[in-house]
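A quick write-up on the structure given underneath.
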Amino acid sequence: MNRLIRIAVTDDQLMFRECLVNNIKSFGNMEVMFEAGNGIELLNAMNDCGELKPDIVLMDLNMPEMNGMEATRKLKTSFPDVRVIVLSVHGEEKHITRMIQQGVNGYIAKNSELSELKNAIETTFHNGFYFNEMVLKTLQSGKLLNKANVRGFDASSSLTQREKEILTLICKEFTTAEIADQLSISLRTVDGHRNNLLVKTGAKNVAGLVVFAFKNKIIDADL
């Protein structure tokens, strides 16, 4: 049986947070481990929850004491395996760009449909990232892909043809098992190629690989 996806919700607006938690519980395949009203509360809760960490943190940007930007930076440093999805009222390119630079795995608007939230969580859990049309437009704008603005996305050496094939399938949201089946290779081989891609590109996570693919025109803009 597939286990429940473990979620942490971080937002300073109590009413919104409570509604969000109740909606997540209604999805059926997720559980909320804890809630936090700001970045400090989030990091304290992460330190207190032992070995069993959330799979995904839903992160607000505008919070008192420690905002979402700083909280994400600290979270990614201390708990790099935890995936972050930003929920924000801000849809401007500058906000999306800054958060992707911090290594977030997804970014959706607070006024999104519940179906998109559920899809974002499930996709991020299974594939490592969720980039909707709003984020893809930011990638295509070129601002995020400027070498002066993004660190760590320059390949240290050229990618092999197989690595490019796997990178393309990652961008198309194929799971590891689906990639293995598509290319008739083992799961371990897929994992090995993905790790090589992370090393070569300097990407922080799978979402970073997507940024790299856009920057270097490895994938078509109309996936």
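Each residue in the stretch 10-25 was checked for being surrounded by 14 or more Cβ atoms within 10 Å (Cβ to Cβ) and of a type outside the set (S, T, N, Q), and 7 of them qualify.
Among what's in the stretch 1-37 and is part of a strand (DSSP E or B) and among the β-branched types (Val, Ile, Thr), pick the residue that is farthest from the chain's Cα centre (by Cα). Ranking the candidates gives VAL32 first.
Report, ordered by the first and then the second residue, all pairs with beta carbons closer than 7 Å, sequence separation of six or more or different chains, a first member in the stretch 14-36 that is free of Cβ contacts under 8 Å to residues at least 40 places away in the same chain, and a second member that is open to solvent by 40 Å² or more (accessible area, probe 1.4 Å). These pairs meet every condition: ARG17/GLU35; VAL21/GLU35; GLU31/LEU4; VAL32/LYS25.
Note on the stretch 45-67: residues that are touching a residue at least 60 places away in the same chain (Cβ under 8 Å) and farther than 12 Å from MET33 by Cα amount to 0.
Conditions tested, residue by residue: (1) surrounded by 13 or more Cβ atoms within 10 Å (Cβ to Cβ); (2) more than 23 Å from LEU75 (Cβ to Cβ); (3) modelled with pLDDT of 85 or more.
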| residue | (1), (2), (3) |
| --- | --- |
| ILE185 | yes, yes, yes |
| VAL190 | yes, yes, yes |
| HIS193 | yes, yes, yes |
| VAL211 | yes, no, no |
| ASP222 | no, yes, no |
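Number of residues in the stretch 78-95 that are open to solvent by 30 Å² or more (accessible area, probe 1.4 Å), in contact with a Ser or Thr (Cβ under 8 Å, 6 or more places away or on another chain) and modelled with pLDDT of 80 or more equals 1. Inspect all residues belonging to the stretch 81-94 and state whether any of them is farther than 28 Å from ALA203 by Cβ and among the small types (Gly, Ala, Ser). Checked against the condition, which is being farther than 28 Å from ALA203 by Cβ and among the small types (Gly, Ala, Ser), the stretch 81-94 yields no hits at all. Among the criteria (1) open to solvent by less than 30 Å² (accessible area, probe 1.4 Å); (2) out of contact with any strand residue (DSSP E or B) (no Cβ under 9 Å at 6 or more places or on another chain); (3) part of a helix (DSSP H, G or I), the one ARG98 does not fulfil is (1).
The values are calculated or read from the model by the stated rules, or taken from the named source; none is laboratory data. Just so it is clear, the structure is predicted and the values come from calculations on it, not from any experiment. We place every Cβ from the backbone using ideal geometry, glycine too, and count neighbours over all the protein chains shown. We work out accessible area using only protein heavy atoms, side chains counted, and drop any ligands, DNA or RNA first. Shrake-Rupley method; radii C 1.70, N 1.55, O 1.52, S 1.80 Å.
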